[in-house]
Structures are given as structure tokens and as C-alpha cells.
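Please read the structure below before turning to the comments.
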Amino acid sequence: MHKTALAIRHVHFEDLGIFGAVLSDAGYAVRYHDLDAAPFATLDPLEPDLLIVLGGPVGVYDSDAYPYLAEETSLLAARLAAGRPTLGICLGAQQIAKALGAAVRPMGHKEIGFGPLTLTDAGRAGPLRHLEGVPVLHWHGDAFQIPAGAESLASTPLCATQGFSVGRHTLALQFHPEVDVAAGIERWLTGHAAELAGAGIDPRVLRGQAARIGPELREAGQKMLAEWLRAVP
């Protein structure tokens with residue numbers, strides 16, 4: 001019998017990317033829950049064997065304008081309290097941090113582009129070790145604090161909090177290891193065209209970097225996720 005993985009997707013092009021094949025290989029039947037589907041309040045927070053919350057171009061503090069964010073936080077709080085396996089990426093990681101009582105705030109600058117992580121001792125001892133020395137994709141303007149009881153995993157010069165874990169069941173990543181940058185970067189460049197223009201970032205630079213880094217990042221990202229899944233209770 002397949003295990004179930006539910007991926008909450010906020011914008012269509014920010015999907016599971018290279019993680020999809022890893023989840024299938026690990027025996028998960030994956031389904032997406034998009035924003036125009038049923039409200040998050042109707043979901044059973046404990047039902048899927050794995051919950052994945054993906055990225056999106058809003059902030060966790062925007063729940064007045066985007067009420068679904070509060071429903072998502074409540075869903076995560078219930079799931080995390082039960083110790084159920086949960087993975088968050090970018091906005092998803094920020095939502096996990098908020099659900100665990102940690103602050104999430106604008107950094108005052110954007111971190112968009114490829115750059116390596118500096119791993120903590122905990123980061124080097126776990127699945128993120130596969131990403132050491134590999135430029136990963138960053139695309140955010142907010143940052144979370146590390147929740148009480150969580151282990152900080154990585155940092156960059158522009159953002160001191162790039163990931164954390166809680167036991168073996170929760171992994172929160174500020175960066176984007178899931179993106180198939182070799183095949184899917186064009187959707188990101190077009191979907192975030194206004195943000196790139198506002199930040200003064202040339203999409204041609206990111207496109208060229210993606211072409212060079214793509215194969216190495218795919219291998220490293222898939223190894224990272226596969227190792228984490230093997231340890232999930």
C-alpha cells in the first residue's frame with residue numbers, strides 16, 4: 001500500500017520539481033492541494049503520511065489580505081503538535097516557523113539567485129550534507145527565526161536562518177532545492193518577472209547560472225530528500 005504525500009501548492013509553477021521522482025521512488029502517492037480547491041480548514045491535518053508546504057509570493061503576516069494563510073498555520077500547528085512528518089519550503093518553512101511560535105519578518109533586502117549554504121554542525125550531520133558546496137536557488141525577502149527546540153541547519157551571508165529541523169519529522173528550508181532549474185527555470189523567471197525587475201536582477205544571468213548548475217543541483221537535491229525520507233518516522 002502506498003504512503004500518501006499531500007503537497008500544498010500556492011502558485012502553479014512552484015511545484016515539487018525534482019522532488020516528485022524521489023517521493024515516488026520512496027513509495028509515496030503524491031497529490032497536490034491548490035488554493036482554489038477546498039479550504040485548508042476542511043483538510044485533516046493528520047491524514048497524509050507526509051505533508052509538504054511549498055513556496056509562494058506572499059508573507060505569513062499577510063493573513064488579513066490572504067485569509068487562507070491563517071488556516072494553513074492552524075493546519076500546520078495541529079500536525080506539528082502530533083509529530084507528523086512535515087516538509088516546508090520557503091513560504092512553507094516560514095509557515096512552519098510561525099506555527100511553532102517563531103517570528104517571521106521582512107529582511108529589508110531580497111535574496112534572489114544561486115549561492116552556496118554554510119552548514120551548521122547539525123546541517124553537516126544530516127541530509128543537507130549533500131548540498132555542501134553546491135549553489136542552491138534562493139528566492140525570498142522574508143526570514144524566520146529558529147523556533148524553540150529546533151536545530152538550525154544552514155545560513156548564507158544574506159540570511160542567517162536557511163533551515164531547521166525538529167526531530168526526524170520536520171524539515172523547514174528557506175531556499176529552493178526542489179526546483180528543476182535545468183528544465184523549469186523559465187516558469188520562475190516569467191512568474192516572478194515583476195519581482196526581478198523591482199530588484200534589478202537580470203533574468204539572463206539567472207538563466208545562464210541555472211544551465212550550468214542544474215545537473216549538479218538536481219543530483220544533490222534528490223540525494224538530500226531521499227536521505228531525509230529514509231529517516232522519517
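Annotations
- In the chain, the portion of solvent-accessible area held by carbon and sulfur atoms comes to 54 percent [1.4 Å probe, whole percent, DNA, RNA and ligands not counted].
- Placing a label point 7 Å from the Cα of Glu195 along the Cα-to-Cβ direction, the residues of region 9-44 with a backbone N closer than 17 Å are 9-17, 35.
- Using a simple spin-label model with pseudo-atoms 7 Å out from Cα toward Cβ, Ala231 and Ala26 lie 1.2 nm apart.
- Shape of region 115-233, Cα gyration tensor, a/c cut at 1.5: prolate
- Average 1/r across all pairs of distinct alpha carbons in the chain, invert it, and you get the Kirkwood radius: 17.6 Å.
- Where labels lie 7 Å past Cα in the beta-carbon direction, separation of Ala148 and Val205 in nm: 4.2 nm
- Label reach from His109 (point 7 Å along Cα→C-beta): in region 197-216, no amide nitrogen lies under 12 Å.
- Hits among aspartates and glutamates - C-alpha to C-alpha of Lys98 under 19 Å, sequence gap 8 or more where chains match: Asp62, Asp64, Glu71, Glu72, Asp142, Glu151
- Cα gyration tensor shape for region 103-168, rounded if a/c is under 1.5, else prolate or oblate: oblate
- Whether region 62-122 is rounded, prolate or oblate, judged on the alpha carbon gyration tensor where a/c under 1.5 counts as rounded: oblate
- The solvent-accessible area of His109, taken with every protein chain present and a 1.4 Å probe, is close to 80 Å².
The values are calculated or read from the model by the stated rules, or taken from the named source; none is laboratory data. What you see is a predicted model; the values in this text were computed from it and never measured. We place every Cβ from the backbone using ideal geometry, glycine too, and count neighbours over all the protein chains shown. Just so you know, the surface numbers come from the protein's heavy atoms only, side chains and all, with ligands and any DNA or RNA stripped out. Shrake-Rupley method; radii C 1.70, N 1.55, O 1.52, S 1.80 Å.
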